[in-house]
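A short write-up of the structure that comes next.
The values are calculated or read from the model by the stated rules, or taken from the named source; none is laboratory data. Note that the structure is predicted; figures quoted are calculated from it, not measured. Neighbour counts run over all protein chains shown; Cβ positions are idealised from the backbone, glycine included. Note: areas computed on protein heavy atoms with side chains; ligands, DNA, RNA excluded. Shrake-Rupley method; radii C 1.70, N 1.55, O 1.52, S 1.80 Å.
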Amino acid sequence: MLRHLVETLTESGQAICLYDAEDRLRYANTTYHDMFLGDYEGPFTFPEIIRHAHENGLGVRIDDGDVEAFIARTLARRRSVPRKSFQTDLVNGRWFWMDHTILPNGWLLTVGADITALKHDERSLRQAHDAALLASRTDVLTGLPNRRYILEILDERLTGGKQDGTKLCVALIDIDWFKAINDSYGHEVGDAVLRHFSAVCRERLRPDTYLGRTGGEEFLLLMPSVNLEAAAQTVEHLRADFPSARIEECTVELAFTFSAGITEALPQDSRSSILQRADRALYAAKTDGRSCTRVR
């Protein structure tokens, strides 16, 4: 029975090994042997096995490549508790769930189960989740944050500003005479104009700003850590020599302008109050002839 038990453990797909109290390897089944030893002939102490595996493309993946630092970290916690479980990835891309058990005589029993397939499934689920989350936050036409997401960012920035005093300026931007573009050239051309506007904005705006499409031809620009003067300069930089949109589908080149209303967050501001103030500034820009910026 004992012989059959040893044979079963030796050929098991699990990685099984036994180290004595001085951390010398006393038993390793085929799976563990293939993972760490290969043609290794000793000495069979834990540190030497790890060094051999690292030098020969075996064993666990060491991100920084510093095998001695890895051994020092591992030894410090290797026998810190009677039993522990953890996951580890190997240089060959496989993942194992390892169970360490310290036996009454001080020997250490390790049993590892291959969880590579589970990790792949986990990665696929995480990627699918990330893709779904991105889709729920993105305006399909322009690729910018959609209304719901840009307003969430506004809420976060308002809350953060009240806590740490960080400045925030917001601008409502509206493409001038956009309905006339749709009426004259059709909605496909109008959509191309919106995509063109969004692409130019991404190129010209700083990485620490946030631009989202709130609906139709209207956009919300969030500018953290700047005052009204700097915010106005940002919008005017965006406006300067704004390139015409070339609509390849119908060989049309359209020059267009935009109006903007800017305001700065006040300590008592809510989403509603700051947007109302920005909207009044935008209305003033339109009343004053469009293609300009007004501040409130």
Q. Rounded to the nearest 0.05, what FRET efficiency is calculated for HIS237 and ARG271 with R0 set to 41 Å and r the Cβ-Cβ distance?
A. 0.95
Q: Would you mind working out the magnitude of the charge dipole of the chain relative to its Cα centre, with +1 at each Lys and Arg C-beta and -1 at each Asp and Glu C-beta, to the nearest 20 Debye?
A: 980 debye
Q. How large, in percent, is the carbon and sulfur part of the accessible surface of the stretch 191-295 at a probe radius of 1.4 Å?
A. 48 percent
Q | Set of lysines with alpha-carbon distance to LYS84 below 24 Å, sequence-local pairs under 8 removed | A | LYS119
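Sort 34-46, 272-284 by the packing proxy (mean of other Cβ within 10 Å over each peptide's residues), most packed first. Walk me through the numbers on the way to the answer.
Details: 34-46: 14.8, 272-284: 17.5.
Ranked by mean Cβ neighbours within 10 Å, highest first: 272-284, 34-46.
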Q) By how many nm would the segment from LYS84 to MET98 grow when fully extended, if each residue of separation counts as 0.36 nm and the alpha-carbon distance is taken off? A) 4.2 nm
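May I ask what percent, to the nearest 5, of DSSP beta bridges between residues of the chain are antiparallel?
Around 95 percent antiparallel, to the nearest 5.
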Q: Treat every Asp and Glu Cβ in the stretch 169-225 as -1 and every Lys and Arg Cβ as +1, leave all other atoms uncharged, and give the resulting dipole magnitude about the Cα centre to the nearest 20 debye.
A: 240 debye
(Q) Which residue, THR110, VAL170, ILE181, has the largest displacement toward the positive end of the dipole of the chain when charges sit on each Cβ (Lys, Arg +1; Asp, Glu -1)? (A) VAL170
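At R0 = 35 Å, how high is the FRET efficiency between GLN163 and LEU118 if r is their beta carbon distance? Nearest 0.05 is fine. Let's see the in-between values first.
Details: r = 40 Å, r/R0 = 1.15.
The formula returns an efficiency of 0.30 here.
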(Q) When a/c reaches 1.5 or more, the comparison of a/b and b/c decides; with that in mind, is the stretch 112-163 rounded, prolate or oblate per its Cα gyration tensor? (A) oblate
Q: Subtracting the Cα-Cα distance from 0.36 nm times the residue separation, let me have the gained length for ASP155 to GLU48 in nm, one decimal.
A: 33.0 nm
Q. The list (1) 24.5; (2) 18.6; (3) 21.1 gives values of Kirkwood radius over Cα pairs in Å, and only one came from this structure; which label was calculated from it?
A. (1)
Q. So, in nm, how far is label ARG61 from label THR257 when the simple model puts each one 7 Å beyond its Cα toward the Cβ?
A. 5.6 nm
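Please compute the per residue accessible area over the stretch 1-117 with all protein chains in place, 1.4 Å probe, rounded to a whole number of Å².
57 Å²
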Q) Looking at the square roots a ≥ b ≥ c of the eigenvalues of the Cα gyration tensor of the stretch 1-124, which shape do they give, rounded for a/c under 1.5, prolate if a/b is larger than b/c, or oblate? A) rounded
Q. Within straight cross-link reach of LYS179, meaning Cα distance under 13 Å, which aspartates and glutamates are found once same-chain residues fewer than 8 apart are removed?
A. GLU188, ASP191, GLU217, GLU218
